[in-house]
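For reference, the structure discussed in these notes is given below.
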Amino acid sequence: PAGTLVGAPKVRAMQIIDELEPVGRQLYGGTVGYFGRHGDMDQAITIRTLVFRGDRYSYQAGGGIVADSSAGAEYAELLAKSAVLRSALALAAEGL
C-alpha cells in the first residue's frame, strides 16, 4: 500500500497491518493507472474499490489516520465513503 495509507516507518507499519488484518487488502491501498506510449502517465491511489468476481462483489474504503485523528470521525468518514459504493451497487441492481 501507499505510504500515506500505512503510516511511517513503512516497514514496521506493514508488519503491524499483517499482524492485525486477517484478510489481504487486495487492490485497496495500491494504485491503478496507465503508462502511455508517449511518456504520459496517470495513477490513482485506490482508497475506494469495488471488485466484481463472477456474480460476487466486494468493496473497501478507508483513509489515513494521524496523531490527532478522532476515531469516531474517521469511522464516520469510512461509512460515508462506503455508502457511495453501496449506492452505486443499488442503482446498478435497479438497472439505472
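The numbers here are math on the coordinates, done by the rules we state, and not lab data. The structure displayed is predicted, hence computed values, not measured ones. Please note: Cβ atoms are built from the backbone with ideal geometry, for glycine as well, and neighbour counts cover all protein chains shown.
Below, the figures for the structure above:
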| item | result |
| --- | --- |
| From the options Arg12, Arg37, residue that is on the phi < 0 side of the Ramachandran plot and surrounded by fewer than 10 Cβ atoms within 10 Å (Cβ to Cβ) | Arg37 |
| Boolean, Asp68 is of a type in the set (Asp, Glu) and part of a loop (DSSP other than H, G, I, E, B) | yes |
| Residue in the range 57-91 that is nearest to Gln26 (Cα to Cα), counting only those that are aliphatic (A, V, I, L, M) and either surrounded by 12 or more Cβ atoms within 10 Å (Cβ to Cβ) or touching a strand residue (DSSP E or B) at 6+ places or on another chain (Cβ under 8 Å) (or both) | Ala61 |
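Here is a yes/no grid of residues against (1) acidic (Asp, Glu); (2) more than 15 Å from the chain's Cα centre (by Cα); (3) under 25 Å from Lys10 (Cβ atoms); (4) not in a helix (DSSP H, G or I):
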| residue | (1), (2), (3), (4) |
| --- | --- |
| Asp42 | yes, yes, yes, yes |
| Gly64 | no, no, yes, yes |
| Ala73 | no, yes, yes, no |
| Ser82 | no, no, no, no |
| Ala88 | no, yes, no, no |
| Leu91 | no, yes, no, no |
| Gly95 | no, yes, no, yes |
